[in-house]
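Below is one structure; the comments refer to it alone.
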Amino acid sequence: MSVVHSYSVRICHWINVIACVYLLVSGIHILLDFPELYWGNTGYRGYPAVFKLSDWGLSWEEAGKLGDRRWGRNYHVTFAWVFLINGLVYVAWNLYTTHFRKRMLPARAELTMTHVWSDLRDHLRWRSRRHTSSGSYGTLQKTSYLLLIFVFVPFMILTGVAQSPGYTAAMPVLLDMFGGRQSARTLHTVGTIVLVLFVVVHLLEIVAAGFFARVRSMITGKESIAVKMEITR
């Protein structure tokens, strides 16, 4: 057995899984209770919308019965704080332990077009499991994780905060940054869809690498050398 995931990575990973599930479910409740998206500062029922659930066969009344904005907001805000604090702990700890530098920063040789194209072909052919199974990451994986942590997550946090009148009263620049409170809500929703697609691809990668072995390694932190050799052949 070899250690592939530290305690900090495993603990933060599973806290994030729980937080993200609650964020997604509560976010769906919020959207269902107000099932339209707008652009700019203004948005209300009857105002021109960029997206309507009613266009997809679910009326405002039907969506409202399925959603609960009060419940959704309470849990969304609560687990947004859990997600943020956990994320800050994860980043700080892994910067301190040089985890990012050792395992997540692409080496110069990995950034050549030849290497990136080869890595992309491996992913498309489901051969990327040789990276995930050995506890190391391919170039595309490293790049996507770094973009997720340092670009996409801050974007989701800022678009979420920009929807709060309390925060925007103190930081009105957030409204200018995203073109209005309703624009921030729309971008936040689009970002959620992108994140869900990322998770789907992530799960497919895990399945390709051996689902039960990968989940077990994220729980115990260890991976069987025999399993590693079998998958990377």
Open item on the list: Between 66, 88, which is free of Cβ contacts under 8 Å to residues at least 40 places away in the same chain and either within 20 Å of residue 147 (Cα to Cα) or within 16 Å of the chain's Cα centre (by Cα) (or both)?
Closed with: 88
TODO: Hey, can you tell me all the residues within the range 97-114 that are open to solvent by less than 50 Å² (accessible area, probe 1.4 Å) and in a helix (DSSP H, G or I)?
DONE: 99, 100, 104, 110
Open item on the list: What pairs come out if I take residues in the range 3-28 that are at positive phi and aliphatic (A, V, I, L, M) and pair them with residues that are buried (at least 16 other Cβ atoms within 10 Å of the Cβ) and modelled with pLDDT of 95 or more whose C-beta lies under 8 Å away, six or more apart or interchain?
Closed with: none
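If I filter the range 47-54 for residues that are closer than 26 Å to residue 5 by Cα, open to solvent by 40 Å² or more (accessible area, probe 1.4 Å) and touching a residue at least 40 places away in the same chain (Cβ under 8 Å), do I get at least one hit?
First pass over the range 47-54, keeping only residues closer than 26 Å to residue 5 by Cα: none.
Looking through the range 47-54, none of the residues is closer than 26 Å to residue 5 by Cα, open to solvent by 40 Å² or more (accessible area, probe 1.4 Å) and touching a residue at least 40 places away in the same chain (Cβ under 8 Å).
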Open item on the list: I'd like to verify a number: residues in the range 137-154 that are open to solvent by 40 Å² or more (accessible area, probe 1.4 Å) and over 22 Å from residue 89 (Cβ atoms), how many?
Closed with: 2
TODO: Considering only the range 143-194, state which residues are in contact (Cβ under 8 Å) with a residue 60 or more places away in the chain and hydrophobic (A, V, I, L, M, F, W, C).
DONE: 149, 153, 157, 175
TODO: Give 94, 86 a once-over and let me know the one that is in contact with a Cys (Cβ under 6 Å, 6 or more places away or on another chain), assigned to a helix (DSSP H, G or I), surrounded by 14 or more Cβ atoms within 10 Å (Cβ to Cβ) and at pLDDT 80 or above.
DONE: 86
Open item on the list: Could you go through the range 165-185 and let me know if any residue there is over 14 Å from the mean Cα position of the chain (by Cα), part of a helix (DSSP H, G or I), surrounded by 17 or more Cβ atoms within 10 Å (Cβ to Cβ) and modelled with pLDDT under 85.
Closed with: no
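Does residue 117 count as outside any loop (DSSP other than H, G, I, E, B), without any contact (Cβ under 8 Å) to a residue 24 or more places away in the chain and open to solvent by 40 Å² or more (accessible area, probe 1.4 Å)? Steps first, answer last, please.
On the way: outside any loop (DSSP other than H, G, I, E, B): yes; without any contact (Cβ under 8 Å) to a residue 24 or more places away in the chain: yes; open to solvent by 40 Å² or more (accessible area, probe 1.4 Å): yes.
Answer is yes for this residue.
The values are calculated or read from the model by the stated rules, or taken from the named source; none is laboratory data. Being a predicted model, the structure only gives us computed values, none of them experimental. Note that we place each Cβ from the backbone using ideal geometry, even for glycine, and neighbour counts take in every protein chain shown. Accessible surface is based on the protein model in full, side chains and every heavy atom, while ligands, DNA and RNA are left aside. Shrake-Rupley method; radii C 1.70, N 1.55, O 1.52, S 1.80 Å.
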